[in-house]
2 protein chains.
Amino acid sequence: MKYSEAGVSIDAQNDSNERIKKHVRSTHTEHVVTDVGHFAGSVKLPSNLSDPVLIMSTDGVGTKTIIAEQLGRFESLGADIVHNCGNDVLAVGAEPKYFTDYVASAQLKPEVVEEIVKGIAEACKNLGIVLMGGETAEMPGVYRESRHDLVGTMVGIAERSMLFDSSQIKEGDAIIGLPSNGVHTNGYSLVRKIVEARGLDLTIDYDMGMSLGELLLLPHRDYVKDIMGLRQYVTIRGLAHITGGGITENVPRMFPEGLGAAINLGGWKIPLLFQFIQQQGDVSQEEMLRTFNCGVGMVLVVPKEEKNNVLSRIESYDLGTVVVGKGVTYTNY
Amino acid sequence: MKYSEAGVSIDAQNDSNERIKKHVRSTHTEHVVTDVGHFAGSVKLPSNLSDPVLIMSTDGVGTKTIIAEQLGRFESLGADIVHNCGNDVLAVGAEPKYFTDYVASAQLKPEVVEEIVKGIAEACKNLGIVLMGGETAEMPGVYRESRHDLVGTMVGIAERSMLFDSSQIKEGDAIIGLPSNGVHTNGYSLVRKIVEARGLDLTIDYDMGMSLGELLLLPHRDYVKDIMGLRQYVTIRGLAHITGGGITENVPRMFPEGLGAAINLGGWKIPLLFQFIQQQGDVSQEEMLRTFNCGVGMVLVVPKEEKNNVLSRIESYDLGTVVVGKGVTYTNY
């Protein structure tokens, strides 16, 4: 018996590895020490930090991979995973700098792996991130036929004094939202359930300016440049990345004990795509807000006197106020 | 419609998160800055390094999860993923120090997630590694019923001068192997294919001192303490972690262009489990050596005059010699 008869092709894996080398290398700076293909990637760190902190986060893109498979378009998943993980590191207060990826499937098609890793490398280059390495795994028996998972880990290094200090968050602080770019990477199992139940066609434009499939594949937005730029002018006390659990579960993650959020649902316009999902699936408002980002991808807390400074500098929404309490209370429900 | 009807339970995820908190925290030292539950983990780095390098690697445990499912025992998978990723960082020359995990399944059972993360935390504590965070994902539609994937990312920080310098590897250097602890985390798809084809029973002891299932679940061994200890006495020029691709593909990864390995198959005794797999599956020697570790989990290159020093200090095998050439040539085939 041979390994390939068990559904695992080392040759296909070697083919994938050859195809992705140039993309990985394209993210390498003069600081990279080991070339692609070593057991681990290595890179020189800045040695001038007085109190260096390492920030690290792992996440996946969820079942968005199935939409990509249905449309045969995998490249934008790269930005999804890089930005999703990058925003988590950013939420602590650091710039994302070093990334590894994991691509797994029942059967690996080298051209699909290449498309995904090419997208990852592009997204890394845009943000000055080094793609340190990655892993591809062929796992018949674990994954369904032609299905993929895509996972990433991001690391940042920062001066400790640069981390957001959420203990400074106070009653009355302003809560500001930054627009998302669509569904990002959370809630796709519910989206697909609705698509199936209503017999929706991913290739049709349901009066939203783009086909449903294209809208659903729009990549997770990154907020690195916006937030790093804003920090030069504004004291940000906390940042919440709106991922699984929506505004309802993610905003409270940055609060100290005893504080909550009063969010005004009139503070932003819920994008057409989310309205469409809600109508087609007959999803309650409550469920929408704890499943999807509903148009808000990142939430900031700033002192109330700095609110207008933020609102005038970047596209953003006046969502509400920090209050004594717990969790999120919505008004204009 | 609700998210839970699409097969994704935020409540189950919250239950998992509650259960694993204490295990994650048990790995936290006084250097950890952010508590569990933040968007990313953060930890103070040593600030006394003159030329710090960050080393990073991602890997999975492959379809070994299926054996764990079949036996209903998940805890040892934690050591598998931590040691697998840790050995990759070690192969570059650094101690593994910071880890994140990713556990995904069609449906998440909070008690299974807890068992896995508990095992991860134990393995981290044994090696002084901080569990920086992790992600759990429920992905009906991507994973097969009751199947799991388990992925990890390890980071190490080292002085640049501590990285192995494989450009120093020379013709005539000694190649030494360290024993593995079984199949580790590569080749399980072929093992399961053979188990099915031959109607083998995981609960039976086929004269190997332990049931087949127990043997197959033995965790990936870690080599951190052995190698870090050995470095005090011996110049290690290169280290190869024997993972997917076996000795055949992994040993050459550490060589500079123009050098290869002459490996004496009489240099170690292939353990019973691998002999059993080979017989039951009628697998060729060549296929065995490029699929499984065959009893050798880590391979070192040292100057030939240091060979006996290594062999006398730790349990190890005299595998062969570095030669002018390419890849691996086996003798006593």
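The values are calculated or read from the model by the stated rules, or taken from the named source; none is laboratory data. Model, not experiment: these values are computed from the prediction. Glycine gets a Cβ as well: all are built from the backbone with ideal geometry, and neighbour counts include every protein chain shown.
Applying the criterion of at least 1 residues that are closer than 20 Å to residue A:222 by Cβ to the strands (runs of 3 or more DSSP E) found wholly in the stretch A:255-333 leaves A:296-302, A:317-324.
Within the option set B:180, B:167, being over 22 Å from the mean Cα position of the chain (by Cα), closer than 29 Å to residue B:319 by Cβ and polar (S, T, N, Q) holds for one residue only, B:167. Looking across the stretch A:49-76 at every residue that is within 10 Å of chain B (Cβ to nearest Cβ) and assigned to a loop (DSSP other than H, G, I, E, B), the one that is farthest from the chain's Cα centre (by Cα) is identified as A:50. Candidates in the stretch A:299-313 are the residues that are in contact with an Asp or Glu (Cβ under 8 Å, 6 or more places away or on another chain) and crowded, with 16+ Cβ neighbours inside 10 Å; of these, the one that is farthest from residue A:268 (Cα to Cα) is A:303. Among all residue pairs at least 6 apart or on different chains, which show Cβ distances below 9 Å where the first residue, located in the stretch B:5-18, is away from every other protein chain (no Cβ under 11 Å) and the second is among the polar types (S, T, N, Q) and assigned to a helix (DSSP H, G or I)? Short answer, once both residue conditions are applied: B:12/B:4.
Determine, yes or no, whether residue B:67 is in the same structural domain as residue B:154 (by TED's automatic domain parsing), touching a Leu at 6+ places or on another chain (Cβ under 8 Å) and closer than 30 Å to residue B:252 by Cβ. Against the criterion (in the same structural domain as residue B:154 (by TED's automatic domain parsing), touching a Leu at 6+ places or on another chain (Cβ under 8 Å) and closer than 30 Å to residue B:252 by Cβ), residue B:67 qualifies.
Collect the residues in the stretch A:277-301 that are more than 10 Å from chain B (Cβ to nearest Cβ) and within 22 Å of the chain's Cα centre (by Cα), keeping them in residue-number order.
A:289, A:293, A:294, A:295, A:296, A:297, A:298, A:299, A:300, A:301
When the test is whether a residue is buried (at least 24 other Cβ atoms within 10 Å of the Cβ) and among the aliphatic types (A, V, I, L, M), residue A:6 passes it. Considering only residues that are at the interface with chain B (Cβ under 8 Å from one of its Cβ atoms) and among the charged types (D, E, K, R), which ones fall in the stretch A:139-159? Within the stretch A:139-159, A:144, A:147, A:149 qualify. Is it true that residue B:69 is more than 24 Å from residue A:98 (Cα to Cα), of a type in the set (D, E, K, R), in contact (Cβ under 8 Å) with a residue 24 or more places away in the chain and touching a strand residue (DSSP E or B) at 6+ places or on another chain (Cβ under 8 Å)? Against the criterion (more than 24 Å from residue A:98 (Cα to Cα), of a type in the set (D, E, K, R), in contact (Cβ under 8 Å) with a residue 24 or more places away in the chain and touching a strand residue (DSSP E or B) at 6+ places or on another chain (Cβ under 8 Å)), residue B:69 qualifies. When residues in the stretch A:294-333 are screened for being touching a Ser or Thr at 6+ places or on another chain (Cβ under 8 Å) and more than 24 Å from residue A:88 (Cα to Cα), 2 of them pass. In the stretch A:297-311, the condition of being touching a residue at least 40 places away in the same chain (Cβ under 8 Å) and over 21 Å from residue A:171 (Cα atoms) is met by at least one residue. Residues that are surrounded by fewer than 24 Cβ atoms within 10 Å (Cβ to Cβ), within 7 Å of chain B (Cβ to nearest Cβ) and at pLDDT below 90 do occur in the stretch A:26-45. When restricted to residues that are at pLDDT 95 or above and in contact with a Pro (Cβ under 9 Å, 6 or more places away or on another chain), the stretch A:138-167 contains 7. Taking the criterion of being more than 12 Å from chain A (Cβ to nearest Cβ), touching a helix residue (DSSP H, G or I) at 6+ places or on another chain (Cβ under 8 Å) and of a type in the set (Gly, Ala, Ser), would at least one residue in the stretch B:77-87 satisfy it? Scanning the stretch B:77-87 turns up at least one residue that is more than 12 Å from chain A (Cβ to nearest Cβ), touching a helix residue (DSSP H, G or I) at 6+ places or on another chain (Cβ under 8 Å) and of a type in the set (Gly, Ala, Ser). For the stretch B:117-135, the tally of residues that are in contact with a Pro (Cβ under 9 Å, 6 or more places away or on another chain) and over 15 Å from residue B:98 (Cβ atoms) stands at 1. Residue count for the stretch B:19-41 satisfying the condition of being of a type outside the set (Asp, Glu), free of Cβ contacts under 8 Å to residues at least 12 places away in the same chain and farther than 10 Å from residue B:131 by Cα: 4. Residue check: residue B:287 meets all listed conditions (1) closer than 26 Å to residue B:185 by Cβ; (2) out of contact with any helix residue (DSSP H, G or I) (no Cβ under 8 Å at 6 or more places or on another chain); (3) among the charged types (D, E, K, R) but one, namely (2). The set of residues in the stretch B:90-109 that are modelled with pLDDT of 95 or more and either under 20 Å from residue B:143 (Cα atoms) or in a helix (DSSP H, G or I) (or both) comprises B:90, B:91, B:92, B:101, B:102, B:103, B:104, B:105.
Exactly one residue out of A:162, A:208 is in contact (Cβ under 8 Å) with a residue 60 or more places away in the chain, more than 14 Å from chain B (Cβ to nearest Cβ) and farther than 20 Å from residue A:325 by Cα, and it is A:208.
Residue A:172 meets the conditions (1) of a type outside the set (Ser, Thr, Tyr); (2) out of contact with any Pro (no Cβ under 9 Å at 6 or more places or on another chain); (3) assigned by TED's automatic domain parsing to the domain that holds residue A:293 in every case but one. The failed one is (2).
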